[in-house]
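A short reminder: the numbers here are calculations on the coordinates, not readings from a lab. Note that the coordinates shown come from a computational prediction; the quantities given were computed from them, not determined experimentally. In this analysis, Cβ positions are derived from the backbone assuming ideal geometry, glycine residues included, and neighbour counts consider all displayed protein chains.
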Amino acid sequence: MKTLKHLFTALLLMVATVAMAHDFEVGGIYYNILSEEEKTVEVTYRGNSCSSYSNEYTGRVDIPSSVISNGITYAVTSIGRDAFYNCSGLTSVIIPNSVTSIEDCAFDGCTSLKELRIEDGNETLSLGYNYYASNYYEIGKGLFYDCPLETLYLGRNLSYDAGSRYGYSPFYNIETLKSVTIGNSVTSIGDYAFSNCFGLTSVTIPNSVTNIGYSAFFDCTNLKELRIEDGGETLSLRYNSTNDEGLFYVCPLETLYLGRDLSYGTSSSYGYSPFYNIKTLKSVTIGNNVTSIGENAFKSCSGLTRVTIGNSVTSIGSDAFSGCTGLASIEIPNGVTSIGSDAFSSCRGLTSITIPNSVTSIGSSAFSGCSGLTSVTIPNSVTSIGSDAFKNCI
């Protein structure tokens, strides 16, 4: 009997050990100690197997930056593998800036997670993924692939593998995503970051962002409003690498506020210009921090009817507005010193143009094919006019 009693006690202890595989729990969140020396912990699931504890986290989970257990304060630095696996009742998560990594499959099966907030911070957040593709042509799953996110606050730079046909980007192909707010601590938007996010209608890029990666907004086919906020630092833009298109080529933009100078490639028959050939674009406002309108910037934007140019612009690049057939008038601000070749060529809707006293050169074919022009004023500051500058201005 004594032996049976001891055996029963041992079994109870074993079950308890399995059921309480985490190191401790505070406020309904379970933690594993990563380092006793550094006093760091990771968020985890309750038991020995994540699949045994589906839906243990529900509603809103606000992860703290630190927790106290047995009188010891631990920093929460990670969300462990499978931490929220199959938590179908989870609706909202707030991730503090103390967390520097989220491991694979942490949010796999979170089919009700609609709100995600990644708090502001200067340290890059490293992200795993949900599914490893077996070959190059198979689409992998990013960390939040299974989550029907609707709102996202992104307060930090992210680090992730953009491979597996781009599916490892954490927000790739989340069609439900409607609202993205990018915080002022973010300096880079990664490759394929919001690719195939069909629900996005409006995006604001803060002045802290200095780089936007390849195909970051590829196939955002409902993105109609873009605001690039005022800033003194140039914003570097990549392109849609799949088809050699400009970064926003597939987006049906209608309104654009451009508050900074842009840097981009102009090869591949001008397709690398971010706004080249966006025929839906109707209104462009160029802020007072912009000093130049780049080459091919708005080439072939035939739907463009309103352009406001800030007073800090000193140059209008070649082909900047060529083929903008819907443009009826434009005011070139006093301060522009050069108008590049073909800058307004084939703008058939233009009826008159006044060139300010600051302009010294008009490039070749600058206004060629502007068949609607009836009046042009050229000031005495102009010292050179290129060949065919007003060709076919009948």
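A few notes on this one:
- Cβ-based charge dipole, the range 2-385, positive-most Cα from THR58, ILE330, VAL359: ILE330
- Two numbers describe the Cα atoms of the range 353-394: Rg and Dmax, which are 10.0, 27 Å.
- Distance from the range 339-385 to the range 271-288 (C-alpha centre basis), Å: 20 Å
- Three principal axis lengths of the range 122-213 [C-alpha, angstrom, descending]: 39, 26, 17
- The chain - Debye-derived log10 I(q)/I(0), Cα point model, q = 0.12, 0.13 Å⁻¹: -0.91, -1.00
- Kirkwood Rh and Cα Rg combined as Rg/Rh, the range 236-343: 0.93
- Of the chymotrypsin sites (Phe, Trp or Tyr not before Pro) found in the range 86-153, those in coil by DSSP whose Cβ has at most 16 other Cβ atoms within 10 Å are TYR132, TYR136, TYR137.
- For SER126, residues with placed amide H under 5 Å, excluding near neighbours: SER101, ILE102, SER159
- Given in Å, the Rg to one decimal and the Dmax to the nearest whole number for the Cα atoms of the range 148-301 are 14.2, 41.
- For the listed residue pairs LYS178/LYS299; LYS224/LYS282; LYS178/LYS224; LYS178/LYS282, the alpha carbons are over 19 angstrom apart in LYS178/LYS299; LYS178/LYS282.
- The range 62-104 versus the range 186-203: alpha-carbon centroid distance in Å: 25 Å
- Kirkwood-Stokes translational diffusion coefficient of the range 91-162, alpha-carbon pairs, 4 °C, 1.567 mPa s, µm²/s: 101 µm²/s
- Each Lys and Arg adds +1 at its Cβ and each Asp and Glu adds -1 at its Cβ; summed about the Cα centre, the chain shows a dipole of about 760 debye.
- On Cα atoms only, tilt of 2-19 relative to the major axis of the chain in degrees: 10 degrees
- Amide H contacts of LEU90 (H built 1.01 Å from N, in plane; Pro and chain starts excluded): GLY59, SER112 sit under 5 Å, all sequence-distant by 5 or more or on other chains.
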